[in-house]
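The next block holds one structure in the form of structure tokens; read it before the comments.
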Amino acid sequence: MSVRVRFAPSPTGFLHIGGARTALFNWLYARHTGGTFILRIEDTDAARNTQEAVEVILNGLKWLGVDWDEGPATGDPKGPSKGSVGPYFQSQRGPIYKKRVDELIQKGCAYEHEGAVKFRMTREPIVIRDLIVGEVKRELTDREMAEPDFVIVRSDGQPVFHLVNVIDDLEMGITHVVRGEDHLSNTSKHIALFRAFGVEPPAYAHIPLILNPDGTKMSKRDQGASLTTYEAEGCVPEAVVNYLCLLGWSPKQNREVLSREEIIQLFDLPQILRHNARFDATKLQWLNGEYIRTMSFERFHEFAVQALNRAGLPITRFSTGYIRSALETCAGKIKQFSELADYAGFYFTDELAYDPAAKASLGPDERARLSRLREAFVVLEHFNATSLEAALKEVARKLEVKVGALVHPCRFACTGRTSGPSLYHLLEVLGKERVLQRIDRALALAEEAAQSP
RNA sequence: GGCGCGUUCGUCUAUCGGUUCAGGACACGGCCCUCUCAAGGCUGAAAGACGGGUUCGAUUCCCGUACGCGCUACCA
């Protein structure tokens, strides 16, 4: 039988990083087995769920490259969808639930109670055979001892989560339920429900939760809990996918950086770890840097322009050729695109803001050397990296100083920073006119500062 | 409180009772390279929660304790 898995989020206007990983693991399993990945929207809480909230989920999955074989095409519950077992919005499946509840009542498995419908739950412990956790024998809690039956339809007529979740999985032919470990204890209810409908439950695979760096539960409010922040910070989706896979799963063989294809090939459910993993933003950042360094320049350029625009830099005032050259000096030097505005901002401004902490880098000696360097630059015929380097080294030789003694003041004068892209290349991009202007201005400012301490 | 799950370097992990200084990665320290910063190369420090068993032998199997997480709704 072909594998059918699903991701069934509730549209809250937010896609949790843990939910994203659950979706990813489902998707990977489907792709690994050649099965079907289904997206179902659990929008039973009508008041809260909006079309925009659904779109947050759809866009998040698309951004990650997690595509669904069946499910909604848009955020509109009544809109178009793919697949033959829809609707894929729970809000549209009322009649199906009604029919199934009637079936349960007729079978004597459920009964009305004060306007609600309750399920006649077994009093025996239920054994859950979980692909990840192993065999779990769920004993009844003290509350369940007192009252094992639970509500499946509220007195206002709304069916509850446990019921609709099971009915949908049943009707949609789900073969493997891959979901967060927070549902492990609920699984006994679900298994009992499946059996009441006369079918064997699907296979279960409960994946451990993602925790904050301090080991506490990662909730909505926590830093980095929302998938959209990664896109906003200029993360590369493949890096996020790669990182998420490394939380609770290992490709073994000391591998860390893996392509999507490799992950699909290696991924399987039984190998998923049984314990929670803490989210390590630093390692994600490292992975992100790896992906940035190895991506094509075209893609780097695309991400970069987006990031600079988002940061509000007036790059449209500059020619595309200039922007391109500027970005070429930055390629592979950053770990996250959100750093770029800071890293390359000096290319796109006239009023350079000098890092106050580094003002001391233009003392009397440095100013003298910088002036000599300026003289050498003025007479340069070809203002390119090669000749700039030659000119600078020639001045250094004449002054009998190390190249660094010229490089640092010059960098500071032209970029306002003590670190950045390769100096010679950056000067070439800036061009003679700008470079001389900046040196003059830096010299003047430093002189001024020296006069009035 | 009850029920369930978990526990290897700071973090993510490898190890499917026995070739090991318990391996790798991120982060951190040092060195090299170098126009700065990254990157890269080399290198250093860093772990089996605790206590009992089982066994010739346990990180690995069992039990207990501690700690963490989850579930315990007419929420999903």
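The values are calculated or read from the model by the stated rules, or taken from the named source; none is laboratory data. Values in this document were obtained by computation on a predicted structure and should not be read as measured data. When we count neighbours, we look across all protein chains shown, and the Cβ atoms used for this are built from the backbone with ideal geometry, even at glycine. For accessibility, only protein heavy atoms count, side chains too; no ligands or nucleic acids. Shrake-Rupley method; radii C 1.70, N 1.55, O 1.52, S 1.80 Å.
Structure above, values below:
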quantity: Segment A:374-416 - residue that is open to solvent by 80 Å² or more (accessible area, probe 1.4 Å) and within 46 Å of the chain's Cα centre (by Cα) and, of those, nearest to A:Glu433 (Cα to Cα); calculated: A:His382
quantity: Which numbered condition A:Gly134 fails, given (1) more than 7 Å from RNA strand B (Cβ to nearest atom); (2) on the phi > 0 side of the Ramachandran plot; calculated: (1)
quantity: Where A:Glu233 falls short, out of the listed (1) open to solvent by less than 10 Å² (accessible area, probe 1.4 Å); (2) more than 10 Å from RNA strand B (Cβ to nearest atom); calculated: (1)
quantity: Hey, A:Glu428 part of a helix (DSSP H, G or I), in contact (Cβ under 8 Å) with a residue 12 or more places away in the chain and either surrounded by fewer than 18 Cβ atoms within 10 Å (Cβ to Cβ) or in contact with a Pro (Cβ under 8 Å, 6 or more places away or on another chain) (or both) or not; calculated: no
quantity: Index of the failed condition, A:Val66 passing every other in (1) at pLDDT 95 or above; (2) buried (at least 18 other Cβ atoms within 10 Å of the Cβ); (3) not in a loop (DSSP other than H, G, I, E, B); calculated: (3)
quantity: Any hit, segment A:77-86, residues being part of a strand (DSSP E or B) and either within 28 Å of A:Val5 (Cβ to Cβ) or without any contact (Cβ under 8 Å) to a residue 12 or more places away in the chain (or both); calculated: yes
quantity: Selection count, segment A:15-43, where residues are open to solvent by 20 Å² or more (accessible area, probe 1.4 Å) and more than 23 Å from A:Arg93 (Cβ to Cβ); calculated: 6
quantity: Residue selected from segment A:142-163 under the condition charged (D, E, K, R) and closer than 10 Å to A:Lys118 by Cα, by the criterion surrounded by the most Cβ atoms within 10 Å (Cβ to Cβ); calculated: A:Asp149
quantity: Qualifying residue in segment A:195-209 (condition: modelled with pLDDT of 95 or more, under 27 Å from A:Asp342 (Cβ atoms), part of a helix (DSSP H, G or I) and basic (Lys, Arg)); calculated: no
quantity: Test: residue in segment A:314-326 that is touching a helix residue (DSSP H, G or I) at 6+ places or on another chain (Cβ under 8 Å), in a loop (DSSP other than H, G, I, E, B) and more than 13 Å from RNA strand B (Cβ to nearest atom); calculated: yes
quantity: Selected residue (criterion: farthest from RNA strand B (Cβ to nearest atom)) from residues of segment A:275-313 that are within 24 Å of A:Ile17 (Cα to Cα) and among the aromatic types (Phe, Trp, Tyr); calculated: A:Phe303
quantity: Filter pass, A:Ile439 being open to solvent by less than 60 Å² (accessible area, probe 1.4 Å) and either of a type in the set (Ser, Thr, Tyr) or under 29 Å from A:Thr282 (Cα atoms) (or both); calculated: no
quantity: Some residue of segment A:226-247 being out of contact with any helix residue (DSSP H, G or I) (no Cβ under 6 Å at 6 or more places or on another chain) and at positive phi; calculated: no
quantity: From A:Ile315, A:Ile272, residue being surrounded by 13 or more Cβ atoms within 10 Å (Cβ to Cβ) and over 20 Å from A:Leu430 (Cβ atoms); calculated: A:Ile272
quantity: Pair list, Cβ < 8 Å and 6+ apart or interchain, from segment A:174-197 residues that are among the hydroxyl-bearing types (Ser, Thr, Tyr) to residues that are part of a helix (DSSP H, G or I); calculated: none
quantity: Segment A:185-226, subset hydroxyl-bearing (Ser, Thr, Tyr) and either away from RNA strand B (no atom under 14 Å from the Cβ) or not assigned by TED's automatic domain parsing to the domain that holds A:Asp149 (or both), residue nearest to the chain's Cα centre (by Cα); calculated: A:Ser226
quantity: Scan of segment A:104-121 for residues that are open to solvent by 50 Å² or more (accessible area, probe 1.4 Å) and either in a helix (DSSP H, G or I) or closer than 16 Å to A:Arg195 by Cα (or both), ordered by number; calculated: A:Ile105, A:Gln106, A:Lys107, A:Arg120
quantity: Residue list for segment A:138-184, filter: hydroxyl-bearing (Ser, Thr, Tyr) and more than 7 Å from RNA strand B (Cβ to nearest atom); calculated: A:Thr175
quantity: Number of the exception - A:Tyr291 against (1) part of a loop (DSSP other than H, G, I, E, B); (2) crowded, with 18+ Cβ neighbours inside 10 Å; calculated: (1)
quantity: First in segment A:279-305 and hydroxyl-bearing (Ser, Thr, Tyr), second anywhere and open to solvent by less than 10 Å² (accessible area, probe 1.4 Å), Cβ under 7 Å, 6 or more apart; calculated: A:Tyr291/A:Val236; A:Tyr291/A:Ala239
quantity: Output for segment A:240-263, where each listed residue is of a type in the set (Gly, Ala, Ser) and more than 12 Å from RNA strand B (Cβ to nearest atom); calculated: A:Ser259
quantity: Residues satisfying the stated conditions in segment A:196-230, i.e. charged (D, E, K, R) and open to solvent by less than 60 Å² (accessible area, probe 1.4 Å); calculated: A:Asp222
quantity: Members of segment A:86-95 found to be open to solvent by 40 Å² or more (accessible area, probe 1.4 Å) and either within 16 Å of RNA strand B (Cβ to nearest atom) or in contact with a Gly (Cβ under 7 Å, 6 or more places away or on another chain) (or both), listed by number; calculated: A:Pro87, A:Ser91, A:Gln92
